[in-house]
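In what follows, a single structure is set out as structure tokens and then discussed.
The values are calculated or read from the model by the stated rules, or taken from the named source; none is laboratory data. Only a predicted model underlies this, so the values are computations on that prediction, with no experimental measurement involved. Here Cβ is always computed from backbone atoms with ideal geometry, including for glycine, and neighbour counts include all displayed protein chains.
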Amino acid sequence: MKKLLPTSSAGSLPKPSWLAQPEKLWSPWKLQDEELADGKRDALLLSLQEQAHAGIDIVSDGEQTRQHFVTTFIEHLDGVDFAKRETVRIRDRYDASVPTVVGAVARRKPVFVEDARFLRRHTEQPIKWALPGPMTMIDTLYDAHYRSREKLAWEFAAILNQEALELEAAGVDIIQFDEPAFNVFFDEVNDWGVAALERAIEGLRCETAVHICYGYGIKANTDWKKTLGSEWRQYEEAFPRLQQSKIGMVSLECHNSKVPMDLIELIRGKKVMVGAIDVASNSVETPEEVAATLRKALQFVDADKLYPSTNCGMAPLSRQVAQGKLHALSAGAAIVRRELAGQG
Ligand SMILES: [Zn+2]
């Protein structure tokens, strides 16, 4: 019988201090050239080992080979000039200097496929791989070529599809698209955002997921959250359209957030990765706290479709805290698994 409540982390995990400065998001690499390539692979194995030690069921690369969840992918594409910078507003929240789209975007060679093969060779467990979603990608660029957010998103969707098909062939079991922008641009989500995501998964037979969150625990995000009021109902905008979509799984933020849990009802039928670990706090959850979040989620998602997870990535946390949180996630899921077995 298939194991109920398989655990996974939503995204990045901390990097070792010899590879990049710890507890810092988008930290520059400490190594260069061949040493950097070796170091990234070593860090990937270490991250895999830490996930296995914590009892995580669906493992990932911990994003050890990338500096940024969007930019690292875009760096590998044609058509984007990283030297030509413009200041734009990211997710309607903070200003940033971003690269410029100067010509047709294209993917000349695979971006993460070698890394995925490497991960596949080193574990028998199911593996999940994260890619940025089209809408989140366009939101981190200045577009001087297409001059249309939608047009650029469709171009990226086609490129993501090429990468996703090769990741699947490399043995990836779940391909996840990170779309925090789905929590901000509701009209676009419904007009073309979800459709572009469906373009990105065209022809895939593996599991597909979309991760929609309230972001890392950085100041721009915590400040933004303070403006959202006592109930965060953002998911209400995208979920009905997502429920109708071909995307198989939805990864969302639950623990310590003000998201009303009953919104999960809107995606009934989908597999749901429930965030039961707060990534914006250094305090490590107890297994019982994790279990309590999962029990609440079980009111709105069938047990065989519930995937306990973290709210978002844990790259900015210390390794010790992140490790503690992964252990708590496993232990909390185990409690609820035992309860479900008792009922059955
Ligand atoms: Zn996230």
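Looking only at region 69-90, count how many residues are in contact with a Gly (Cβ under 8 Å, 6 or more places away or on another chain) and at pLDDT below 95.
Residues flagged as in contact with a Gly (Cβ under 8 Å, 6 or more places away or on another chain) and at pLDDT below 95 within region 69-90 amount to 1.
Every residue, every condition in (1) surrounded by 18 or more Cβ atoms within 10 Å (Cβ to Cβ); (2) farther than 19 Å from ASP92 by Cα, yes or no:
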| position | (1), (2) |
| --- | --- |
| GLY171 | no, yes |
| PRO180 | yes, no |
| ALA196 | yes, yes |
| CYS206 | yes, yes |
| LYS226 | no, no |
| GLN244 | no, yes |
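Does any residue of region 122-142 turn out to be within 24 Å of TRP192 (Cβ to Cβ) and more than 22 Å from the chain's Cα centre (by Cα)?
So far as region 122-142 goes, yes, one or more of its residues are within 24 Å of TRP192 (Cβ to Cβ) and more than 22 Å from the chain's Cα centre (by Cα).
Based on what the data block shows, is ASP92 free of Cβ contacts under 8 Å to residues at least 12 places away in the same chain, loosely packed, with under 13 Cβ neighbours inside 10 Å and not in a strand (DSSP E or B)?
Against the criterion (free of Cβ contacts under 8 Å to residues at least 12 places away in the same chain, loosely packed, with under 13 Cβ neighbours inside 10 Å and not in a strand (DSSP E or B)), ASP92 does not qualify.
Quick check: is even one residue across region 299-311 in a loop (DSSP other than H, G, I, E, B), within 22 Å of the chain's Cα centre (by Cα) and closer than 20 Å to LEU48 by Cβ?
Yes - at least one qualifying residue is present in region 299-311.
Restricting to region 211-225, and then to whatever is within 11 Å of the ligand (Cβ to nearest atom) and not aromatic (Phe, Trp, Tyr), can you tell me which residue is modelled with the lowest pLDDT?
Ranking the candidates gives GLY217 first.
Residues checked against (1) in contact with a strand residue (DSSP E or B) (Cβ under 9 Å, 6 or more places away or on another chain); (2) closer than 18 Å to HIS327 by Cα:
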| site | (1), (2) |
| --- | --- |
| THR7 | yes, yes |
| LEU25 | no, no |
| LYS40 | yes, no |
| GLN49 | no, yes |
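Could you list, in sequence order, the residues of region 41-64 that are assigned to a helix (DSSP H, G or I), of a type in the set (A, V, I, L, M) and in contact (Cβ under 8 Å) with a residue 60 or more places away in the chain?
Within region 41-64, LEU44, LEU45, LEU48, ALA52 meet the criteria.
State all residues of region 24-40 that are outside any strand (DSSP E or B) and either more than 20 Å from the chain's Cα centre (by Cα) or modelled with pLDDT of 95 or more (or both); if no residue qualifies, say none.
Answer for region 24-40, where residues must be outside any strand (DSSP E or B) and either more than 20 Å from the chain's Cα centre (by Cα) or modelled with pLDDT of 95 or more (or both): PRO28, LYS30, LEU31, GLN32, ASP33, GLU34, GLU35, LEU36, ALA37, ASP38, GLY39, LYS40.
I'm checking my understanding of the structure. Among residues of region 196-207 that are touching a helix residue (DSSP H, G or I) at 6+ places or on another chain (Cβ under 8 Å) and not small (Gly, Ala, Ser), which one is farthest from the ligand (Cβ to nearest atom)?
The selected residue is ARG205.
Please state which one of TRP232, TRP224 is farther than 30 Å from ASN161 by Cα and touching a Pro at 6+ places or on another chain (Cβ under 9 Å).
TRP232
Any idea which of (1) within 16 Å of the ligand (Cβ to nearest atom); (2) among the polar types (S, T, N, Q); (3) at pLDDT below 95 is the one GLN21 doesn't satisfy?
(1)
For region 297-340: of the residues being closer than 15 Å to ASN256 by Cβ and more than 16 Å from the ligand (Cβ to nearest atom), which is surrounded by the fewest Cβ atoms within 10 Å (Cβ to Cβ)?
Among those that are closer than 15 Å to ASN256 by Cβ and more than 16 Å from the ligand (Cβ to nearest atom), it is VAL321.
Which of (1) buried (at least 21 other Cβ atoms within 10 Å of the Cβ); (2) under 20 Å from the mean Cα position of the chain (by Cα); (3) under 18 Å from ARG149 (Cα atoms) does VAL80 not meet, given it meets every other one?
(2)
Quick one: would you say GLY275 is within 16 Å of the ligand (Cβ to nearest atom) and among the small types (Gly, Ala, Ser)?
It is true that GLY275 is within 16 Å of the ligand (Cβ to nearest atom) and among the small types (Gly, Ala, Ser).
Which of the numbered conditions does VAL105 fail, given that it passes all the others? Conditions: (1) buried (at least 19 other Cβ atoms within 10 Å of the Cβ); (2) free of Cβ contacts under 8 Å to residues at least 40 places away in the same chain; (3) part of a strand (DSSP E or B).
(2)
Taking only region 226-257 into account, find how many residues are in a loop (DSSP other than H, G, I, E, B), within 16 Å of the ligand (Cβ to nearest atom) and not hydrophobic (A, V, I, L, M, F, W, C).
The qualifying residues number 4.
Regarding GLU202, is this residue assigned to a loop (DSSP other than H, G, I, E, B) and more than 19 Å from TYR307 (Cα to Cα)?
For GLU202, the condition - assigned to a loop (DSSP other than H, G, I, E, B) and more than 19 Å from TYR307 (Cα to Cα) - is met.
With of a type in the set (Gly, Ala, Ser) and farther than 20 Å from GLY203 by Cβ as the only criterion, which of ALA130, ALA104 stands out?
ALA104
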